[in-house]
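I have placed the structure first, in the form of structure tokens, so that the comments after it can refer back to it.
The values are calculated or read from the model by the stated rules, or taken from the named source; none is laboratory data. Bear in mind the structure is a predicted one, so any value in this text is a computation, not a measurement. Here the Cβ is made from the backbone with ideal geometry for all residues, glycine too, and neighbour counts use every protein chain on show. The protein model used for the area step is the full one, side chains on, heavy atoms only, and it has no ligands, DNA or RNA in it. Shrake-Rupley method; radii C 1.70, N 1.55, O 1.52, S 1.80 Å.
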Amino acid sequence: MASLKELSALPEVLAPGHRLCAGCGAPIVVRMITRAAKGPLVVANATGCLEVSTTIYPYTSWNTPWIHTAFENAAATASGVEAAYHALKRRGKVDKDINIVVFGGDGGTYDIGFQSLSGAMERNHKLVYVCYDNGAYMNTGIQRSSATPKGANTTTSPVGKVSYGKRENRKDLTEIMAAHNIPYAAQVSPSHWNDLYQKAEKAFAANGAAFINAFAPCPRGWRHDTKDTIEICRLAVDTCFWPLYEVVDGKYRVTYKPREKKPVTEFLKAQGRFSHLFQPGNEEVLEAIQKEVDRKWEELLKLEELSNS
Amino acid sequence: MALETKQVAMTGNEAVANAIKQINPDVIAAYPITPQTDIVQYYSSFVADGQVDTQMVTVESEHSAMSATIGASAAGARAMTATSSQGLALMHEMLHIASGFRLPIVMPVVNRAVSAPINIHCDHSDTMAALTTGWLQIYSENAQEAYDNVIQAMRIAEDPRVRLPVMVCYDGFITSHAVENLFLLPDETVKQFVGEYNPKHTLFDFDSPVTFGPLVLPDYFSEIKAQEADAMRAAKEVILEIAEEFAKISGRKYGYYEGYHLEDAERVIVVLSSTAGTAKEVVDELRAQGEKVGLMKPRVIRPFPAEEFVKALSGAKVVAVMDRAETFSTQGGQLFTELRAAFYEAPTKPLMRNYIFGLGGRDTTTAEIRRVFEDLKKDQERGSVDRKVTHLDVRV
Ligand SMILES: Cc1ncc(C[n+]2csc(CCOP(=O)(O)OP(=O)(O)O)c2C)c(N)n1
Ligand code: SF4
Ligand SMILES: [Mg+2]
């Protein structure tokens, strides 16, 4: 286990000076994940906040080879990079062992990029796909995605006289990725940096495709103070809204079990996007959210038990 | 030196699969669609039998096929794919990105009508819709030309003056599935001809890492697009240089177009791909009767060799441009409007009319071609065309 001091001394792939907002979760995820790659690293990026804010021509924040082609196809683009790697290695044109990591937002991963991600995972390309999940299309101005939590106020699921925000529960993408029977799938949060780093190491070491779903607050879209990013991550984990777990060759392991599971309202009330839920009349919505969190958490514990028995 | 060639009987798709086999690209990412499917199947067998060492990515869609091909090409691999119709439409977004990245990808496109109504047969609506994507487009009359064009396309695309992707188009079923006699070059000759691909910048250059596909705002975007247009302009001379080199190894000559009895022709049909073969029959027939008719078969339409086309047609009195795709502008097909525009500065202009023909695989026989020449004759006598745009052989 590396100390924070050791980790901070590792080479930086994402240089400072990029244009992501203060307090943005995405660059924290990137800097933590990329530290775990041993040796040369190629980054593929889907269109989204991370991509537009780090590569404004003629500048780039990336100290490592990086490619962005479009929004829905980062996994397919990276599949081609991985194929090229095998071909060129076989023909003696590349000698190093390399790592490939993909970063896509939740829109580029859960929604428009879902098919290309599924394809790349099924083909088991040796790459690490990281979704930085900020629960909406932030780059285009906070529109709902299938990762947006129930009750969230977004510009396409706005709160109104007859609307409490997004009506549907989130898609559980980590489960869907685990169902691809890939060597490694995990969920991480920047608040638990050591857990995150260890999972990233395992993902890079996996013998094939790996998927990491990373919680990545967006102070602008979630309406919280920029200084509270890590605190909100912690609340998401402690309320079991965002459980930390991994699935290795089909075996589930919940890597962090809160000693005391906090009510989900602690997580919700810290963010402006849920503030309307605390107005009279929305009690049922809060209840439904809590019920769903409980159900999913119990299910996860059962999966852990079953898959290890 | 006698040229070494091997005569074989093959379908167009088999010939193209063999051209790709001889190129032996580093990466192929492809998805099946009629009438392109055989190429993917043949190539999968080549890989399965160890006849090539290409890394093949059997992607889940054409959008991903082009995305993976782009990823591989940016990584420094010689990368190819192939498609038709809906597949080309699905990858449309990525076509712009391949050319915007200046990647030398070669893609055979087996022409097929685009839905709706759904139809698996030949017309050119797929590639005509891709004319503004920054790809070169080379059309082939038959299996031999498709084979030859794929091999030449690799060199054209990778030429440092060009560095643009190339589509090699040929007609679905008519060329892709019919068995023809053709000549294959020896493997070693093709290998020598295409040479090694060693790009300057790749994703695997860890010493000077490159950012591929950054956000470019109004301060630089125009320059990047202007450079792309310059490369397309430069491709013109490269196409001829490569054709000349290719003639040395094959004995077969290529240019921007093929003229058939064009020199003294007064009435000329301009048509792409396999229909040109049918038109040649009719030209022979009418020539035997003393009629001054001819044919121009464009081979390259991106870049559009406007001056050369105008020159080739400068002696004609009446020209029928036959387009195998609608534009719905109501002003005629793409080839027609571009060719007409090319004549804007010309001191003398032939009368020009347009036929939209052969949609969704409607067979265009010598009878229809004869009818077109009859129309041209009447136009010539009248001194004007009676109809600018005609849907040929359509029930009314
Ligand atoms: C095909 C296509 N559709 C829509 C867009 C517009 N678009 C760009 S980024 C984006 C949202 C990105 O959301 P997400 O993936 O969650 O990343 P974030 O911006 O939240 O980091 C959208 C809708 C696009 N670039 N391409
Ligand atoms: S809008 Fe949100 S996701 Fe985008 S840069 Fe700002 S904080 Fe990050
Ligand atoms: Mg998002």
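Take the conditions surrounded by 24 or more Cβ atoms within 10 Å (Cβ to Cβ), out of contact with any His (no Cβ under 7 Å at 6 or more places or on another chain), more than 22 Å from A:Ala87 (Cβ to Cβ) and not assigned by TED's automatic domain parsing to the domain that holds B:Arg324 and apply them to B:Leu88. Does it pass?
yes
Of the residues making up segment B:56-84, those that are of a type in the set (S, T, N, Q), over 16 Å from B:Val109 (Cα atoms) and either surrounded by 24 or more Cβ atoms within 10 Å (Cβ to Cβ) or more than 11 Å from chain A (Cβ to nearest Cβ) (or both) are B:Ser64, B:Ser67, B:Ser73.
In the condition set (1) open to solvent by 20 Å² or more (accessible area, probe 1.4 Å); (2) within 16 Å of ligand 3 (Cβ to nearest atom), A:Val102 is compliant with all but (1). Looking only at segment A:58-71, count every residue that is open to solvent by less than 30 Å² (accessible area, probe 1.4 Å) and facing chain B (nearest Cβ under 7 Å) and tell me the total. Adding up the residues that qualify gives 8.
Considering only segment A:112-124, I want to know if a residue exists there that is within 21 Å of A:Pro40 (Cα to Cα), open to solvent by 10 Å² or more (accessible area, probe 1.4 Å) and away from ligand 3 (no atom under 16 Å from the Cβ). Taking every residue of segment A:112-124 in turn, at least one turns out to be within 21 Å of A:Pro40 (Cα to Cα), open to solvent by 10 Å² or more (accessible area, probe 1.4 Å) and away from ligand 3 (no atom under 16 Å from the Cβ).
When segment A:194-233 is filtered for residues that are within 19 Å of A:Ser275 (Cα to Cα) and among the charged types (D, E, K, R), the ones remaining, listed by number, are A:Arg220, A:Arg223, A:Asp225, A:Lys227, A:Asp228, A:Glu231.
Of note, B:Thr34 does not satisfy the criterion of being open to solvent by 10 Å² or more (accessible area, probe 1.4 Å) and within 14 Å of another protein chain (Cβ to nearest Cβ). Scanning segment B:243-295 for residues that are among the small types (Gly, Ala, Ser) and part of a strand (DSSP E or B) gives B:Gly259, B:Gly294. Checked against the criteria, B:Ile356 counts as hydrophobic (A, V, I, L, M, F, W, C), over 22 Å from B:Glu263 (Cα atoms), at pLDDT 95 or above and open to solvent by less than 60 Å² (accessible area, probe 1.4 Å). Do any residues in segment A:216-229 that are more than 14 Å from chain B (Cβ to nearest Cβ) and among the charged types (D, E, K, R) have Cβ atoms under 7 Å from those of residues that are within 11 Å of ligand 1 (Cβ to nearest atom) and open to solvent by 20 Å² or more (accessible area, probe 1.4 Å), where the two are at least six apart or on different chains, and which pairs are they? Cβ pairs passing all conditions: A:Arg220/A:Cys21. Considering segment A:125-142, the residues that are within 7 Å of ligand 1 (Cβ to nearest atom) and farther than 17 Å from A:Ser189 by Cβ include one that is farthest from the other protein chains (Cβ to nearest Cβ), namely A:Ala136.
Restricted to helices (runs of 4 or more DSSP H) entirely inside segment A:204-309, those with at least 2 residues that are crowded, with 17+ Cβ neighbours inside 10 Å and among the aliphatic types (A, V, I, L, M) are A:229-238, A:264-268, A:283-308.
Tallying residues that are open to solvent by 40 Å² or more (accessible area, probe 1.4 Å) and within 11 Å of chain A (Cβ to nearest Cβ) within segment B:40-55 yields 2. Name every residue in segment A:37-55 that is more than 16 Å from ligand 3 (Cβ to nearest atom) and either out of contact with any Lys or Arg (no Cβ under 8 Å at 6 or more places or on another chain) or of a type in the set (Asp, Glu) (or both), in order of residue number. Across segment A:37-55, the qualifying residues are A:Ala37, A:Lys38, A:Leu41, A:Val42, A:Val43, A:Ala44, A:Thr55. Take segment A:1-36 and flag every residue that is open to solvent by 10 Å² or more (accessible area, probe 1.4 Å), within 16 Å of ligand 3 (Cβ to nearest atom) and aliphatic (A, V, I, L, M). Within segment A:1-36, A:Leu20, A:Ile28 meet the criteria.
Among the residues of segment B:211-226, the one identified as open to solvent by less than 40 Å² (accessible area, probe 1.4 Å) and among the aliphatic types (A, V, I, L, M) is B:Val216. When you scan segment A:149-157, do you find a residue that is on the phi > 0 side of the Ramachandran plot, part of a loop (DSSP other than H, G, I, E, B), within 13 Å of ligand 1 (Cβ to nearest atom) and of a type in the set (Gly, Ala, Ser), even just one? Checked segment A:149-157: no residue is on the phi > 0 side of the Ramachandran plot, part of a loop (DSSP other than H, G, I, E, B), within 13 Å of ligand 1 (Cβ to nearest atom) and of a type in the set (Gly, Ala, Ser). A:Ile142 meets all of the listed conditions (1) within 16 Å of ligand 2 (Cβ to nearest atom); (2) hydrophobic (A, V, I, L, M, F, W, C); (3) open to solvent by 30 Å² or more (accessible area, probe 1.4 Å); (4) within 30 Å of A:Ser275 (Cα to Cα) but one, namely (3). The lone criterion from (1) within 16 Å of ligand 2 (Cβ to nearest atom); (2) at positive phi left unmet by A:Ser61 is number (2). Exactly one residue out of A:Thr77, A:Thr109, A:Thr47, A:Thr55 is within 15 Å of ligand 1 (Cβ to nearest atom), more than 14 Å from chain B (Cβ to nearest Cβ) and β-branched (Val, Ile, Thr), and it is A:Thr109.
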